Amino acid sequence: MCVIILLSNSVAVFLKEVIAMFMEERQQEIAEAIARSGKILIAEIVEKYHISDESARRDLRMLEQKGLCKRTHGGAIRLGQINMIPPRDRDYSAMPVFENYRRIARQAVKLVQENDVIYLTSGSFGFILLSLLPRGVHYTLVVNSVDLAKELRAWDGVDVYSIGGKMRQSGSVVDSLATAFVGRFHFDLCFITGAGLTAEFGLTNNTDETAAFQRAVMKNSRRRILLMPGTKIGADSMIKVCETEDFSTIITDWDCDEEQAGQLREKGPQVMVVENGDDT
């Protein structure tokens, strides 16, 4: 026996309003959870609200459009402030190494060839790269970090140039003297990172000094490699460094939104996405 239930227009409108109300309440709770803990996973939304993956992704898409979060491959994260500056005094020897950073760096060092002249970015990525760079072959490293230079004192078979200028509390050197100095080099390969990247606006960073220094490095580099965690793709910081298409290769991780990765590829760079558990 087949039973057909016909709803009146008024009942249909009522049910639609109820569903919309529940969706708004759910999205509000999701936004509050992201603000509280900094992130949320699709799986958490599905389990808590008993909805499909697609409904959970739609909720996050709508919240992102409202500027309440940034979607990632597996969920969403809290938006950071545009001018958020990392801690000035960092102890890199005791720094925790996040798995996505390590895997990005491991992929990056595969690009190093014997006799290359390489600019090595300062900060946390610089230290991770340093721990993974090949030993036993000759190449030249140019660094603008007193901490990296100190570590490299014990290396054999590697020529090291340390860029001079006014040292920041973080140990990096990016003032006008450093920018003029680095302009005298030609690089086979440079490893760059930043605070944010979008296909439309390009790479951004927190200070004009850093941006100017990075532009000078890239101007004289044959291959320009951007190391960018997936959570920073789709976000903007305060100062523009360069266009997305200025990079030869962008290496990111599994948290990069697929739509964002596609937009970056359309600009021209090779986009390499390392996977969680991919140690090749």
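Let's see how each residue does on (1) modelled with pLDDT under 95; (2) under 12 Å from the mean Cα position of the chain (by Cα); (3) more than 30 Å from Leu177 (Cα to Cα):
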residue: Thr198; (1), (2), (3): yes, yes, no
residue: Asn206; (1), (2), (3): yes, no, no
residue: Gln214; (1), (2), (3): no, no, no
residue: Ser248; (1), (2), (3): no, no, no
residue: Gln260; (1), (2), (3): yes, yes, yes
Quickly run through segment 129-145 and pick out the residues that are surrounded by 17 or more Cβ atoms within 10 Å (Cβ to Cβ) and either under 26 Å from the mean Cα position of the chain (by Cα) or among the polar types (S, T, N, Q) (or both).
Leu129, Leu130, Leu133, Leu141, Val142, Val143, Asn144, Ser145
For segment 115-182, please list each of the helices (runs of 4 or more DSSP H) lying entirely inside it that holds at least 1 residues being of a type outside the set (Lys, Arg) and either more than 15 Å from Leu227 (Cβ to Cβ) or outside the structural domain of Thr210 (by TED's automatic domain parsing) (or both).
146-152, 176-182
Got a sec? Which of Leu197, Leu148 is crowded, with 23+ Cβ neighbours inside 10 Å and closer than 30 Å to Leu79 by Cβ?
Leu197
Identify the single condition in (1) over 12 Å from the mean Cα position of the chain (by Cα); (2) surrounded by fewer than 19 Cβ atoms within 10 Å (Cβ to Cβ) that Trp254 does not satisfy, given that it satisfies every other one.
(1)
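The values are calculated or read from the model by the stated rules, or taken from the named source; none is laboratory data. On a predicted model such as this, the values are computed, not experimentally measured, just so you know. A quick note on method: Cβ atoms are made from the backbone with ideal geometry, for glycine too, and the neighbour counts reach across all protein chains shown.
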